[in-house]
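**Student:** Here it is: the structure, laid out below.
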Amino acid sequence: MSLDNPTYLVSRACPTCGASSSVQETSSRPPGEDESFSALEKSWFGFFKTKIFFSYNRCSNCELLYSPVYFSDEALQELYRQMPDNTAGVSEGNLRRTQNRYLKELGPEFEVEGDYLELGPDIGLLTAGVLPMMPKGGLWLFEPNVSVHRALQKVVDGTKHVISREMTDFNAVPDGTIGLCAMIHVMDHLPHPGEIVRQLAGKLNAKGRLLIVTHDESSLLARILKRRWPAYCLQHPQLFNKKTTESFLRSCGLKTFRSSRAVNYFPIIYLLKHLLFAIGMRSASNWRVWGPTIPLRLGNRVTVAVLDN
Ligand SMILES: [Zn+2]
């Protein structure tokens with residue numbers, strides 16, 4: 001894409017309420033919208049690079065924190081084609097424990113009545129945890145990254161399933177048939193979250209639940225790190241807190257059933273490394289030793305929602 005071609009950026013209204021009046025809250029210096037596409041592209045590919053992100057404004061009407069200028073759908077497709085693995089360094093065991101904690105938020109007696117739908121299952125860590133909760137029913141797995149499809153296939157072998165790379169059109173799924181729909185760290189990434197979540201709401205059956213994990217922009221970590229908070233990045237066109245998650249879900253025909261701060265399992269060294277990097281000690285990124293693991297509430301939120309009838 002040419003540097004002087006501005007079509008890689010588009011203006012956005014608030015994804016929850018459609019208002020266009022908002023007040024800037026944070027941005028990189030300079031903000032992403034003032035950078036060339038090649039600078040944005042370089043910053044896109046990882047945590048340990050010069051940090052650039054688009055201005056985050058707070059909607060004057062509903063208080064959602066979102067970027068009023070963001071990548072066009074075409075530019076975004078191009079960038080996601082080479083998305084890096086952002087959990088490198090955290091063992092699969094710790095990722096699995098973290099994901100299983102998310103499922104506990106559904107309650108001890110919860111069983112999936114109907115089919116299961118997941119957006120962005122990656123290698124199927126959460127999917128594996130859901131299988132024992134499903135007495136019957138099939139799986140709809142929408143994963144744009146084709147390179148993980150084989151690993152995902154192994155997890156669901158023996159259960160009726162569809163694996164698709166589709167991420168915007170869910171017409172293949174019959175309405176009212178889904179008992180559980182999961183989106184783990186997906187909603188922050190969607191350029192048109194309302195279009196997606198409204199479709200998914202239509203797929204839920206009367207007892208269906210939606211399980212969402214998002215970064216919490218009102219968390220202590222976000223307030224301490226300010227513009228160095230890792231979730232302020234080019235991959236996140238909006239960021240939620242407890243209240244704005246609820247109003248967003250309401251705009252999609254859903255109501256919050258449960259909301260809590262998520263526990264994530266991390267090696268202590270991994271955390272220290274990222275913290276030191278965030279405050280400017282770049283050499284820390286070269287550490288390759290992992291020590292003991294601790295559970296931490298690290299600025300993520302788990303939300304369980306149901307249909308708002
Ligand atoms: Zn709004």
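The values are calculated or read from the model by the stated rules, or taken from the named source; none is laboratory data. Because the structure is predicted, anything quoted here is derived from the model rather than measured. Note: ideal-geometry Cβ built from the backbone for every residue, glycine included; neighbour counts use all protein chains shown.
**Student:** Has the range 136-152 got at least one residue that is in contact with a Phe, Trp or Tyr (Cβ under 8 Å, 6 or more places away or on another chain) and under 24 Å from LEU239 (Cα atoms)?
**Tutor:** yes
**Student:** Picking from LEU239, LEU254, LEU225, which residue would you name as being without any contact (Cβ under 8 Å) to a residue 60 or more places away in the chain and closer than 20 Å to ASN61 by Cβ?
**Tutor:** Just a single option satisfies the conditions, and that option is LEU254.
**Student:** Taking the range 70-100 as the search range and keeping residues that are surrounded by 17 or more Cβ atoms within 10 Å (Cβ to Cβ) and at pLDDT 85 or above, which one is farthest from the ligand (Cβ to nearest atom)?
**Tutor:** Within the range 70-100, the match that is farthest from the ligand (Cβ to nearest atom) is GLN99.
**Student:** Considering only the range 198-216, how many residues are within 13 Å of the chain's Cα centre (by Cα) and not in a strand (DSSP E or B)?
**Tutor:** Residues meeting the conditions: 0.
**Student:** Test each condition in (1) of a type in the set (A, V, I, L, M, F, W, C); (2) in a loop (DSSP other than H, G, I, E, B); (3) buried (at least 17 other Cβ atoms within 10 Å of the Cβ); (4) modelled with pLDDT of 95 or more for ALA231 and report the one that comes out false.
**Tutor:** It fails just one condition, (4).
**Student:** Say we look at the range 15-55 and pick out the residues that are under 27 Å from THR245 (Cα atoms) and among the hydroxyl-bearing types (Ser, Thr, Tyr); which of these is farthest from the ligand (Cβ to nearest atom)?
**Tutor:** Filtering the range 15-55 for residues that are under 27 Å from THR245 (Cα atoms) and among the hydroxyl-bearing types (Ser, Thr, Tyr), the one farthest from the ligand (Cβ to nearest atom) comes out as SER28.
**Student:** Here is a follow-up. Would you check if there is a residue in the range 271-290 being surrounded by 15 or more Cβ atoms within 10 Å (Cβ to Cβ), modelled with pLDDT of 95 or more and of a type outside the set (Ser, Thr, Tyr)?
**Tutor:** no
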